[in-house]
């Protein structure tokens, strides 16, 4: 079990590095790097899922209740296994860091999308407010009349 926890920790560190690179690419507005990171994150996430499945299978084989609570109950019964406890605590800290980074990156993505939508609204809005001239020669926006230059 200790080897599996260490393997999971290594995979989680790779995922964390990708999240950090993603954050920098988001701050820099580097779309090309973001595309590369996205495929790397997908592969790292699949690896983490596979390791987690193996850990759950080992838990089930050992008669340990599923989930974090079941694992921690089993872990508390493992007297004299400080390396196992240490590996688990390290894994939990890394998972928390990954969660926080992922939430922060999601916030940056949402902010970028909002800015892009506002810019599009301004660009599209300016096209909709075409200046028209009425029969009296006065400028109007929208509605009846002729476009400037249209005869």
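The values are calculated or read from the model by the stated rules, or taken from the named source; none is laboratory data. Here the structure is a predicted model, which means the values were calculated and not measured. Note: ideal-geometry Cβ built from the backbone for every residue, glycine included; neighbour counts use all protein chains shown.
Residue 116 satisfies every condition listed in (1) loosely packed, with under 12 Cβ neighbours inside 10 Å; (2) in contact (Cβ under 8 Å) with a residue 12 or more places away in the chain except (2). Screening 72, 36 for residues that are out of contact with any strand residue (DSSP E or B) (no Cβ under 6 Å at 6 or more places or on another chain), within 27 Å of residue 102 (Cα to Cα) and modelled with pLDDT under 90 leaves exactly one candidate, 72. On inspection, residue 105 fails the criterion of being assigned to a helix (DSSP H, G or I) and modelled with pLDDT under 85. If you go through the stretch 77-94 and keep only what is touching a helix residue (DSSP H, G or I) at 6+ places or on another chain (Cβ under 9 Å) and more than 14 Å from residue 3 (Cα to Cα), you end up with 78, 92, 94. Regarding the stretch 77-85, can at least one residue be identified that is under 24 Å from the mean Cα position of the chain (by Cα) and under 29 Å from residue 20 (Cα atoms)? No, every residue in the stretch 77-85 fails to be under 24 Å from the mean Cα position of the chain (by Cα) and under 29 Å from residue 20 (Cα atoms). The helices (runs of 4 or more DSSP H) found entirely in the stretch 1-98 that carry 3 or more residues being touching a residue at least 60 places away in the same chain (Cβ under 8 Å) and surrounded by 14 or more Cβ atoms within 10 Å (Cβ to Cβ) are 2-28. When you scan the stretch 103-113, do you find a residue that is more than 28 Å from residue 22 (Cβ to Cβ) and touching a helix residue (DSSP H, G or I) at 6+ places or on another chain (Cβ under 6 Å), even just one? No, that holds for no residue.
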